[in-house]
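The structure appears below as structure tokens.
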Amino acid sequence: MSDPLVLIDHSDSVCTLTLNRPAALNSFSAAMHAELLSALNAAAADPSVRVVVITGAGRGFCAGQDLMDASMLGAQAGELDVGAVIERHYRPLALRVRSMPVPVIAAVNGVAAGAGANFALCCDIVIASRSASFVQAFSKIGLVPDCGGSWLLPRLVGRARALGLALTGEKLPAQEAERMGLIWKCVEDAEFAGAVQALAQRLAAMPTQALVQTRHTLDAAAAMDFDDAITLEADTQRELGRSADFIEGVSAFFAKRPPRFSGR
Ligand code: T3D
């Protein structure tokens, strides 16, 4: 039997998915897409999962589309419907990640290129090792940023930097990515595994619904005027105000004890 293309580890309410095609820098084959989507769906349906971590096996995180995969057949003859590849694989993946019922951490252990970089940016928090890097590789093969990159990049770093990164396809070191606000944090290689674990456990112990609604309100408010954003905040707080975790948070505050959030 061949090795799984996505390794799944579930412990302490943290589900870690490891992209597992290290010889090709974990680039996306059609088969890896299918395994990843299925693993994400399973994590989303499992109430014991409170956080998902996505990382890569070996020295890379993900080099984007596997340019040698069978699904790329016809590319060199100009006979590949690249739009269909996006619709079949990248749209479902990006939408799945951004609608997960738990926070999703991209633990970028090495180079993240093309759709691999933008897939990481789709996640809620990106933590990268010092030796990792981000490459908008699309322009080098005559494409535009995909996997949500056209939407995410300018929102994260502004139009000037987004265009600079996308047009040049330059490799951006993780430390620089942190400095310009593309990612949340860059940590030294030796501290990376521990930092990812600590972050995952911290988020797993927090009020899950509030974290997911935080993602939702930030994204939704970006397309609203100020007044409507406050209406959304009020509606969301009304809903969360009835949650078990809000009741626990307030009770723990008054009792001067640490809260025990259940994720409900
Ligand atoms: O249908 C569609 O295309 C639509 C979807 C598009 C989404 C996209 O993601 S388009 C962009 C696709 N990705 C790329 O163009 C990135 C190509 N790779 C690179 O530019 C470089 O490999 C990296 C900058 C990522 C890393 O460079 P480096 O020097 O650290 O490693 P390397 O030596 O180039 O690669 C190591 C191995 O991984 C090598 O295999 P080998 O020679 O040791 O057998 C290389 O061929 C393989 N590899 C790297 N990227 C890919 C790949 N194999 C298949 N597909 C890849 N994307």
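The values are calculated or read from the model by the stated rules, or taken from the named source; none is laboratory data. What you see is a predicted model; the values in this text were computed from it and never measured. Glycine also receives a Cβ, built like all others from the backbone with ideal geometry; neighbour counts cover every protein chain displayed. Calculation scope for accessible area: heavy atoms of the full protein, side chains included, ligands and nucleic acids excluded. Shrake-Rupley method; radii C 1.70, N 1.55, O 1.52, S 1.80 Å.
The set of residues in region 127-150 that are of a type in the set (A, V, I, L, M) and either open to solvent by 10 Å² or more (accessible area, probe 1.4 Å) or near the ligand (Cβ under 9 Å from one of its atoms) (or both) comprises VAL135, ALA137, ILE141, LEU143, VAL144.
Just one of the listed residues (ALA177, ALA166, ALA204, ALA162) is under 23 Å from ALA222 (Cβ atoms), at pLDDT 95 or above and in contact with a Ser or Thr (Cβ under 7 Å, 6 or more places away or on another chain), and it is ALA166. Region 1-104 holds helices (runs of 4 or more DSSP H) entirely within its bounds, and those carrying 1 or more residues that are away from the ligand (no atom under 13 Å from the Cβ) and in contact with a strand residue (DSSP E or B) (Cβ under 7 Å, 6 or more places away or on another chain) map to 30-45, 91-98. Filtering region 202-243 to residues that are within 14 Å of ARG50 (Cβ to Cβ), in a helix (DSSP H, G or I) and open to solvent by less than 70 Å² (accessible area, probe 1.4 Å) leaves LEU203, ALA204, THR208, ALA210, LEU211, VAL212.
Of the set (1) within 11 Å of the ligand (Cβ to nearest atom); (2) surrounded by fewer than 22 Cβ atoms within 10 Å (Cβ to Cβ); (3) on the phi < 0 side of the Ramachandran plot, all apply to ALA117 but (2).
Here the condition is being open to solvent by 50 Å² or more (accessible area, probe 1.4 Å), in a helix (DSSP H, G or I), of a type in the set (A, V, I, L, M) and out of contact with any Asp or Glu (no Cβ under 9 Å at 6 or more places or on another chain); of LEU167, LEU153, LEU199, it holds for LEU167 alone. Among the criteria (1) small (Gly, Ala, Ser); (2) in contact with a helix residue (DSSP H, G or I) (Cβ under 7 Å, 6 or more places away or on another chain); (3) under 19 Å from GLY58 (Cβ atoms); (4) more than 15 Å from the ligand (Cβ to nearest atom), the one GLY181 does not fulfil is (3).
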